[in-house]
1. Which condition number does Phe66 fail, the rest of (1) within 15 Å of the ligand (Cβ to nearest atom); (2) at pLDDT below 95 being met?
2. Is there any pair linking a residue in segment 107-126 that is on the phi > 0 side of the Ramachandran plot to one that is in a strand (DSSP E or B) and within 12 Å of the ligand (Cβ to nearest atom), with Cβ under 7 Å and at least six apart or on different chains, and which?
3. Quick one: Glu90 ticks every box in (1) away from the ligand (no atom under 14 Å from the Cβ); (2) surrounded by fewer than 19 Cβ atoms within 10 Å (Cβ to Cβ) bar one, so which box is it?
4. If I ask for residues that are open to solvent by 60 Å² or more (accessible area, probe 1.4 Å) and closer than 21 Å to Asp163 by Cα, which ones from segment 101-137 would you list?
5. If we keep just the residues of segment 138-149 that are open to solvent by 40 Å² or more (accessible area, probe 1.4 Å) and more than 22 Å from Gly73 (Cα to Cα), which is farthest from the ligand (Cβ to nearest atom)?
6. Please count how many residues of segment 98-127 are away from the ligand (no atom under 16 Å from the Cβ) and at pLDDT below 95.
7. Give Gly130, Gly167, Gly151 a once-over and let me know the one that is modelled with pLDDT under 95 and closer than 20 Å to Leu91 by Cβ.
8. Looking only at residues in segment 150-166 that are in a loop (DSSP other than H, G, I, E, B), of a type outside the set (Ser, Thr, Tyr) and open to solvent by less than 80 Å² (accessible area, probe 1.4 Å), which one is nearest to the ligand (Cβ to nearest atom)?
Amino acid sequence: MGKNIAKSFVLAAALGCSLSLTHGMAAEVHLAEAAKGAYAATQGNLGITTPWSRAVPPTAHTGALFVSIRNQGAQDFLVAAHAEIADTVELHTHVHADGLMKMQQVEQVEVPAGGTLELAPGSYHIMLIGLREPLREGMRFPVRLDFAASGSVELEAEVRSMDAGTGAEHSQHAHH
Ligand SMILES: [Cu+2]
């Protein structure tokens, strides 16, 4: 009897140990993220990474911006984006239609409560239409993001190489 109690104690200790280990690892990941300077800006409950786009050939008139938005609070919506570098800036998503991936404009994009909105190649993105100058690797340009609840955030976007990022290549998708 006494032996059994001792055994279950050991088990509980082992479980407790593995639980706190998992917890510790999650905290470590979070710290690593913060140490990297994961956010270019924070506003209210939002933490926003540096918006980025791929370099485009000088003949291209469109580009796409990607950014990650972490929301520590209640549900919010990205409702608009502005950038002087383009005549028109729209919020887009990708949809499958007739076996093709097509881009489609959306009114707003949810930033889920306690979650992350990921604008990424092949998914939601900010479309830059009518580029006033080519997006060259290494250049930076100002961008403003408007949120329904959190207000507007000014950021500086950076242009990365033409093959930056993972997933589907944006330039290969049919544009509405
Ligand atoms: Cu688009």
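The values are calculated or read from the model by the stated rules, or taken from the named source; none is laboratory data. As the structure is a prediction and not an experimental result, all values here were calculated from the model. Please note: Cβ atoms are built from the backbone with ideal geometry, for glycine as well, and neighbour counts cover all protein chains shown. Only protein heavy atoms, including side chains, enter the accessible area calculation; ligands, DNA and RNA are left aside. Shrake-Rupley method; radii C 1.70, N 1.55, O 1.52, S 1.80 Å.
1. Going through (1) within 15 Å of the ligand (Cβ to nearest atom); (2) at pLDDT below 95 one by one, Phe66 breaks only (2).
2. Close Cβ pairs (under 7 Å, with a partner that is in a strand (DSSP E or B) and within 12 Å of the ligand (Cβ to nearest atom)) amount to Gly122/His94.
3. (1) is the only condition that Glu90 fails.
4. Lys102, Glu118, Tyr124, Glu133, Arg136, Glu137 - these are the residues of segment 101-137 that are open to solvent by 60 Å² or more (accessible area, probe 1.4 Å) and closer than 21 Å to Asp163 by Cα.
5. The selected residue is Gly138.
6. 2
7. The match here is Gly167.
8. Gly165
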